[in-house]
1. In contact with an Asp or Glu (Cβ under 8 Å, 6 or more places away or on another chain), surrounded by fewer than 16 Cβ atoms within 10 Å (Cβ to Cβ) and either outside the structural domain of residue 350 (by TED's automatic domain parsing) or of a type outside the set (Asp, Glu) (or both) - does that describe any residue in region 131-151?
2. List the helices (runs of 4 or more DSSP H) that sit entirely inside region 1-116 and contain at least 2 residues that are modelled with pLDDT of 75 or more, out of contact with any helix residue (DSSP H, G or I) (no Cβ under 7 Å at 6 or more places or on another chain) and under 27 Å from residue 355 (Cα atoms).
3. If residue 117 satisfies all but one of (1) touching a residue at least 60 places away in the same chain (Cβ under 8 Å); (2) under 23 Å from the mean Cα position of the chain (by Cα), what's the number of the condition it fails?
4. Of all residues in region 71-129, which are surrounded by fewer than 13 Cβ atoms within 10 Å (Cβ to Cβ), touching an Asp or Glu at 6+ places or on another chain (Cβ under 8 Å) and within 15 Å of residue 56 (Cα to Cα)?
5. For region 287-309, name all the residues that are assigned to a strand (DSSP E or B) and touching a Lys or Arg at 6+ places or on another chain (Cβ under 6 Å).
6. Could you identify the single residue in 353, 314, 345 that is within 26 Å of residue 77 (Cβ to Cβ) and either out of contact with any Cys (no Cβ under 9 Å at 6 or more places or on another chain) or part of a loop (DSSP other than H, G, I, E, B) (or both)?
7. Looking at 282, 312, 238, 322 in this structure, which one is in contact with a strand residue (DSSP E or B) (Cβ under 9 Å, 6 or more places away or on another chain), under 27 Å from residue 90 (Cα atoms) and small (Gly, Ala, Ser)?
8. Residue check, residue 177 against (1) outside any strand (DSSP E or B); (2) at pLDDT 95 or above; (3) within 24 Å of the chain's Cα centre (by Cα), all met but one. Which one?
Amino acid sequence: MTGSRLRRLREKLDTPLPGPRVFSTLCAAALIVVLLACRLASAESPASVVSVGMTVSDMDRALAFYADVLTFEKVSDIELAGDAWERLQGVFGLRMRVCTMRLGDETIELTQYLAPEGRPIPPDWRSNDLWFQHIAIIVSDMDRAYAHLRAHNVRHASTGPQRLPDWNPNAGGIEAFYFKDPDGHVLEILAFPPGKGAAKWHETSDRLFLGIDHTAIVVADTDASVRFFRDALGMEIAGTSENNGTEQEHLNNVFGARLRITSLRFPGERPGPAIELLEYLAPRDGRPAPIDTRANDLWHWQVNIAAPGAAAILPDLNGAGASLVSPGLVELPEGPVPARRAVMLRDPDGHALRLFEARSPHLAD
């Protein structure tokens, strides 16, 4: 159940009952409320982030980079075409090669549009532009990970690894570095100090790259985005921070950077990576996503969400500022994708989400 509906239900249930004259009426009303709650609960069982996807120009080159440099393992490699996929993605005449890769417990989805090809990432992109997005890969040792990336000649997006200052109670001691994949997508490696981050990131491991903690998106207004991701989509706030100073400036490569950061996760045992909202309080000159952005453009990312109650929450998402890419929920054909139907939409800042209703319970496996 979404946060707003849950609060409304609690308000109704917490109201004291008056005298016996209206008891039967209130019992009937209470029954309606309970039945409504049951319907919503069954329609809106916990969602989860299944994967984070990005569009690539050369699949074989991308696979080599993510496997050889970052130690992801390929899980699947399929081609998709046809009317249903055209309507879902909003790209006519498409043929897609889609590869899923796993790192630890998390997966990414790489998509190459064999037809039609999209546009490259603009060379003048900045980390405070509103279409900016990245994934944060957790490492067990920042110095070793940075040396490993340098040995593979990755392109820098940050000046170098940064250790966030101890004066910041929520971010102090975190080490981070931004770099680029072959298409120019920004990626982050992140190391948590003791006491910060999920417990699994502190388990003893002989692996250097451990998994994906979150995907970060730049937003214009945190409060508006929270209304979308928490109140309409059903995520929960997992943490907040306000970061500034020379370390943050050199991490993002944005002079004068001051960020309001809000992390959200789905409830449940398998929520998947978090979605982290990055609002630049300064500078405020980040550019909006191109209005003609399509899924085959290389700056396109999408968060793939297993959402059993997608149909039920679409009105709430629309009311919170979503814009549809698909013409509503699209029925998907039987095939290698274990989803019955799906919809693609964009959040208030243009970041893409794909909500899937599973054909089987194994969609999130």
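The values are calculated or read from the model by the stated rules, or taken from the named source; none is laboratory data. Keep in mind that this is a model prediction, so the values were computed, not measured. Backbone-built Cβ (ideal geometry, glycine too); neighbour counts: all protein chains shown.
1. Checked against the condition, which is being in contact with an Asp or Glu (Cβ under 8 Å, 6 or more places away or on another chain), surrounded by fewer than 16 Cβ atoms within 10 Å (Cβ to Cβ) and either outside the structural domain of residue 350 (by TED's automatic domain parsing) or of a type outside the set (Asp, Glu) (or both), region 131-151 yields no hits at all.
2. Values: elements: 3-14, 23-43, 59-64, 83-89.
So the answer is 59-64, 83-89.
3. (2)
4. Of everything in region 71-129, just one residue is surrounded by fewer than 13 Cβ atoms within 10 Å (Cβ to Cβ), touching an Asp or Glu at 6+ places or on another chain (Cβ under 8 Å) and within 15 Å of residue 56 (Cα to Cα), namely 120.
5. Just the residues of region 287-309 that are assigned to a strand (DSSP E or B), to begin with: 301-306.
Once the filter is applied, which keeps residues that are assigned to a strand (DSSP E or B) and touching a Lys or Arg at 6+ places or on another chain (Cβ under 6 Å), region 287-309 yields 302, 304.
6. Details: 314 fails: within 26 Å of residue 77 (Cβ to Cβ); 345 fails: within 26 Å of residue 77 (Cβ to Cβ).
Checking each option against the conditions leaves just 353.
7. The unique qualifying residue is 322.
8. (1)
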